[in-house]
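Below is one structure, written out as structure tokens; comments come after it.
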Amino acid sequence: MRSLIALSLASLALVVAACGDDDSSYSATSTPAAAAKAPACDKAGLALKTPGTLTVGTDKPAYPPYFEDDDPTNGKGFESAVAYAVAERLGFTHDEVKWKVVPFNSSYAPGEKKFDFDINQISISPQRAKHVDFSRAYFTAPQAVVALKGSPAAGATSLADLKTAKLGVQVGTTSLDAVNDSIQPSTQPQVFNDSNDTVRALKTKRVDAIVTDLPTAFYITAAQVPDSKIVGQFGAPGGDRWGLLLQKGSQLTRCVNAALAKVAAAGELKRLQDRWMGGDTAPELH
């Protein structure tokens, strides 16, 4: 499967700096005053939902290349591996990490969280950061257009060629903003509740094409809709940076940031991307 969904490292900008204000700008504990008051990041002092256990949230189904076999607990897939790498830096063994099903749209909604952090291709944005904390970015993804082979949209060579197409996106994703800002279609894109509904709309020709992040696009064309193709990729306005999501004002945010920085500084973040999400490219759309 990994060879089917391989991506170009040149196409995917990975944030690997060990520290930096840009990646922590949405953290509730990023100010010097907050950092001074924050507790030490030893395991015994962490503010956890369940003492001694790190609770991690993600959606279900959990798709490749982020998870394998719809099982976040096996450590396989990019995001499962990243979560366990962060957990290890925080002092947790594999058995001390527990996973909780959290629908994508619920993860960044206001209110009390039932997880310590959530990992689910969640784009960092100022609007979401009003209600939740984000870690530094662990990945930056381009957007991709997927269409059925032989359809008019499949022949597009530029974003302008897609202006009159009926486009579909998943609700609450950066893809919707990317479509409106970069493609500026003549009709409003159709918005679907989840990725399954979005893919089903493509299969049944309710839409001419769908827009999603590039790693997901490779999985769709390889496993879900074999008679589809990636028309091309384009950058989301401002960059589509993914971060670990935490409770607003969480005391754990600073420690998760520190753990993720250690994973990046050790080169492990790049190795995980190379293993699970490296390889083939898709044409650029301008």
Applying 1/(1 + (r/R0)^6) with R0 = 35 Å to the Cβ-Cβ distance of Glu284 and Ala44, what FRET efficiency is obtained, to the nearest 0.05?
0.10
For the pairs Lys100/Lys270; Lys114/Lys166; Lys98/Lys166; Lys130/Lys229; Lys100/Lys149; Lys166/Lys270, flag any whose C-alpha to C-alpha distance is greater than 29 Å.
Lys114/Lys166; Lys98/Lys166; Lys130/Lys229; Lys100/Lys149; Lys166/Lys270
Quick one: which residues, 5+ away or cross-chain, put their amide H under 5 Å from the amide H of Ala236? H built at 1.01 Å from N.
Gln143
Cα-based equivalent ellipsoid of segment 127-286: semi-axis lengths in Å, sorted from largest, via gyration tensor:
31, 18, 14
For a quick protection proxy, order the peptides 230-241, 190-201 by their average other-Cβ count within 10 Å, most packed first.
230-241, 190-201
Evaluate the distance, in nm, between pseudo-label points positioned 7 Å from the Cα of Ala223 and of Lys130 along their respective Cα→Cβ axes.
3.6
Using alpha carbons only, what's the Rg to Rh ratio of the chain with Rh from Kirkwood?
0.97
Run the numbers on the chain and let me know its relative contact order in percent, using alpha-carbon pairs under 8 Å that are six or more apart.
31
Computed E for Ala266/Asn196 - FRET, C-beta separation, R0 35 angstrom, nearest 0.05:
0.45
Could you do me a favour and compute the accessible area per residue for the chain, 1.4 Å probe, result in Å²?
43
Mind ordering 77-85, 92-100, 161-169 by average Cβ neighbours within 10 Å, highest first?
77-85, 161-169, 92-100
With the cut-off at 1.5 for a/c, could you classify segment 92-145 from its C-alpha gyration tensor as rounded, prolate or oblate?
oblate
Treating only the Cβ of Lys, Arg, Asp and Glu as charged (+1, +1, -1, -1), what charge dipole size does segment 180-229 show about its Cα centre? Round to the nearest 20 debye.
220
Show me 206-215, 43-52, 247-256 ranked by packing, highest mean number of other Cβ atoms within 10 Å first.
206-215, 247-256, 43-52
Comparing Leu244, Leu269, Leu202, which has the greatest mean-square fluctuation in the GNM of the chain with Cα pairs linked when under 10 Å apart?
Leu202
Glu88 versus Thr164: modelled label distance in nm, points set 7 Å from Cα along the beta carbon direction:
5.4
CD proxy, 222 nm, the chain: helix-only mean residue ellipticity via -39,500 (n - 2.57) per DSSP H run with n ≥ 4, per residue, nearest 500, stands at -6500 deg cm²/dmol
Mean separation of Cα contacts under 8 Å (6+ apart) over length of segment 117-200, as relative contact order %
24
Glu112-Asn74 FRET efficiency (beta carbon distance; Förster radius 41 Å; 0.05 resolution)
0.90
Per the Cα gyration tensor, segment 85-191 corresponds to an equivalent ellipsoid with semi-axes, largest first in Å, of 35, 16, 12
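The values are calculated or read from the model by the stated rules, or taken from the named source; none is laboratory data. Owing to the predicted nature of the structure, the values given are computational and were not obtained by experimental measurement. Note: ideal-geometry Cβ built from the backbone for every residue, glycine included; neighbour counts use all protein chains shown. Ligands, DNA and RNA are stripped out before the accessible areas are found, and what is left, the full protein with its side chains, is counted by its heavy atoms. Shrake-Rupley method; radii C 1.70, N 1.55, O 1.52, S 1.80 Å.
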